[in-house]
Structures are given as C-alpha cells and as structure tokens.
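Below is one structure, written out as structure tokens; comments come after it.
The values are calculated or read from the model by the stated rules, or taken from the named source; none is laboratory data. Please read these numbers as outputs of a predicted model, since none were measured by experiment. Positions of Cβ are generated from backbone atoms using ideal geometry, with glycine treated the same way; all protein chains shown enter the neighbour counts. Quick note on the areas: whole protein, heavy atoms, side chains included, nothing else; ligands and nucleic acids left out. Shrake-Rupley method; radii C 1.70, N 1.55, O 1.52, S 1.80 Å.
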Amino acid sequence: STPAVSPQVGSHRDISHESLSLFRLLAPQIEILVLGTGDRVERLHPTMLKQMRECGIAVEVQDTANACATFNFLMNERRVVAAGLIPP
C-alpha cells in the first residue's frame, strides 16, 4: 500500500482537516495545537476547529511570532503541545 502523504501547507488557506490529521496521530495525544498563520491571525473554518476539539485537542490560532511564544510558554508549563507554523 502507498503511505499517506501529508498535504503541503504554504498558507492558511491550505490548512484542512487532512493537513491537521497528523496532529491527531501523535502519542502521547497532544492537549493543545498552536497554529501560526503567518504575518497575521487568519480565521480557520469553524468545522475544522470543532473536529479537533472533538478529538480532545484545543486549537490556538495566532500570527506566527505569537504562536512561537505561546508554544514556548506552554512547553515551559509542561503541557503536551504541538505547533504548526507558517513562516511570516
């Protein structure tokens, strides 16, 4: 069988249920996913955020600079966190 390939994400428009699927497979399961959407905060489709919450993962969407700071803060708090960052 062909291995699953994660879609490339070049901008916030490329963030999809499929591109977020990798974060649902991590072990231990992450509590919080911090998404950095580039130079500014971009709105993501509410259904995607709801699907992640239903899997037990909170999603924090910020501009990438703040997302990096939030990720570092949560790591220092010993939270189980992951980040998806689009360069500014």
On full extension of the chain, what length is gained from A58 through S16, given 0.36 nm per residue of separation minus the C-alpha to C-alpha distance?
13.6 nm
Ignoring everything but the protein chains, give the 1.4 Å probe accessible area of I15 in square angstrom, nearest 10.
20 Å²
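Grab the other residues whose beta carbon is less than 13 angstrom from that of V41, score K and R as +1, D and E as -1, and report the net.
-2
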Tell me which residues come under 5 Å, amide H to amide H, from G38 once H is placed; ignore anything under 5 positions away on its chain.
T64, I86
Any residue on another chain or 5+ positions along whose placed amide H is under 5 Å from the amide H of V61 is listed here as L35
So, with +1 on the Cβ of K and R and -1 on the Cβ of D and E, and no other charges, what is the size of the charge dipole of segment 17-85 about its Cα centre, to the nearest 20 debye?
140 debye
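When the accessible area of the chain is computed with all protein chains present and a 1.4 Å probe, what percentage of it is carbon and sulfur? Intermediate results must be reported in sequence, preceding the final value.
Values: 3110 of 5810 Å².
C and S atoms contribute 54 percent here.
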Stokes-Einstein diffusion coefficient of the chain, Kirkwood radius over Cα pairs, 25 °C, 0.890 mPa s, in µm²/s:
185 µm²/s
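Suppose R0 equals 22 Å. What FRET efficiency, 1/(1 + (r/R0)^6) with r the Cβ-Cβ distance, do A69 and L26 give to the nearest 0.05?
On the way: r = 22 Å, r/R0 = 0.98.
Step by step, r from the Cβ atoms, then E = 0.55.
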